[in-house]
């Protein structure tokens, strides 16, 4: 129905136009309208719900600032990653510097691990040029740090020469008194040339398992300790045994579990217990040698740790 020229809007026109279609056509027309609306409205809703990406804003000085362009507030400080800044170059000894200090001087984490591993195995930097021998070292960085590398081979004669920037404890004359390896803690052992943090911890742990060292040669049994370091520290009178064995094995009273020791295996502990139950308590080392599971060498190194008390 066509509206007359005098009627700008005639409701009867829409009514007649709509009812001229069948029920099925009306349903299809309604679905088509909904689809059109859906296609036009969906992109707008998606843009409203989708979080905005991070923006990188270039500054005039060539640096860049990353900002999260979102409607919410910025991330809290607890979620921000800490930024490690390099410390100004200062004198340091590669034989004593900690991992954090080496990192702050510009060495990569991998290089720092290699330096610490070298020290733990008994390696010593005797000249500043020795640092260049570390695997993967940044040659240019070491060259730039040459004026700050102060290698101190710790001797009694050198203890009076304090290098600026070093802690006075490293040059304390009392430091050069022989160190009792059966009393020293891991911190005291760190003062010895060639002993790193991990090696010092291993020495203390093994000493506790043994019940004390009775000979400096036993330090060869500590993982990571080499003969060169032991001999060098012995020649310079840096350490000694002191008290010696401080905890012995109660051979005639302990059961197999109580006989646990680095020098006694589980099978040997069972053999000792069985021999004692059959032949009575051990009285001296001659009876111990009768236990076939022990060799002559094993008996010799075990004797200082045995107590024959009843």
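Any residue that is on the phi < 0 side of the Ramachandran plot, at pLDDT 80 or above and surrounded by 15 or more Cβ atoms within 10 Å (Cβ to Cβ) - is there at least one of those in region 150-158?
Taking region 150-158 first, the residues on the phi < 0 side of the Ramachandran plot are 150-158.
Now restrict to residues that are at pLDDT 80 or above: 150-151.
Next, only the ones that are surrounded by 15 or more Cβ atoms within 10 Å (Cβ to Cβ) stay: 150-151.
Yes: region 150-158 contains one or more residues that are on the phi < 0 side of the Ramachandran plot, at pLDDT 80 or above and surrounded by 15 or more Cβ atoms within 10 Å (Cβ to Cβ).
Return yes when residue 220 is assigned by TED's automatic domain parsing to the domain that holds residue 185 and modelled with pLDDT of 90 or more and no when it is not. Show your work before the answer.
Working: assigned by TED's automatic domain parsing to the domain that holds residue 185: yes; modelled with pLDDT of 90 or more: yes.
Taking the combined requirement at face value, the residue satisfies it.
Before we move on, is residue 54 farther than 30 Å from residue 198 by Cα and either at pLDDT 65 or above or touching a strand residue (DSSP E or B) at 6+ places or on another chain (Cβ under 9 Å) (or both)?
Numbers: farther than 30 Å from residue 198 by Cα: yes; either at pLDDT 65 or above or touching a strand residue (DSSP E or B) at 6+ places or on another chain (Cβ under 9 Å) (or both): yes.
Against the criterion (farther than 30 Å from residue 198 by Cα and either at pLDDT 65 or above or touching a strand residue (DSSP E or B) at 6+ places or on another chain (Cβ under 9 Å) (or both)), residue 54 qualifies.
Against the definition (at pLDDT 90 or above and at negative phi), how does residue 248 come out, yes or no?
On the way: at pLDDT 90 or above: yes; at negative phi: yes.
Yes, satisfied.
The values are calculated or read from the model by the stated rules, or taken from the named source; none is laboratory data. Note that the structure is predicted; figures quoted are calculated from it, not measured. Positions of Cβ are generated from backbone atoms using ideal geometry, with glycine treated the same way; all protein chains shown enter the neighbour counts.
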